[in-house]
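Colleague: Would you mind keeping the following structure in view while I ask a few things?
Any read-out appearing in this document is the output of simple, stated calculations on the displayed coordinates, not a laboratory observation. It should be emphasised that the depicted structure is a prediction, and the values quoted were computed from it without experimental measurement. Because the Cβ atoms are built from the backbone with ideal geometry, glycine has one as well, and the counts that use them run over all protein chains shown.
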Amino acid sequence: NPFYLHNDRSSREILRRNSFKFLLVRHPLRRIYAAFQDKFRDDHEEDALFGWKSMEEQILLQLYPNETEFTLRRRDAKVDFPTFLR
């Protein structure tokens, strides 16, 4: 577009008429699943630093009130996707 670099009224009007805006978004369920994969399935070294491991334990303790953190760690309990959705 030869008018692109000009800063006068006519070039702005041409750009306004010839351009449009659009927005790309991901599907919401894919975003939720990607968050689950990133935070609870993929093992990262910084999970302990950012608290994802403790959040997983807190979720499991709410679901299984008779368990303790020690028993959850001993049996290596993990949050599954339906539990994550709840």
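Colleague: Using θ = phi - 60° and the Karplus form 6.51 cos²θ - 1.76 cosθ + 1.60, what ³J(HN,Hα) does each residue of region 22-30 get, whole Hz, x for Gly and Pro?
Modeller: 8, 10, 9, 10, 8, 5, x, 5, 5
Colleague: With label points built 7 Å along Cα→Cβ from the Cα atoms of residue 55 and residue 32, find their separation and express it in nm.
Modeller: Distance between label points: 1.6 nm.
Colleague: Based on the Cβ-Cβ distance of residue 64 and residue 22, what FRET efficiency does E = 1/(1 + (r/R0)^6) give at R0 = 41 Å, to the nearest 0.05?
Modeller: On the way: r = 46 Å, r/R0 = 1.13.
Working from the Cβ atoms, E equals 0.30.
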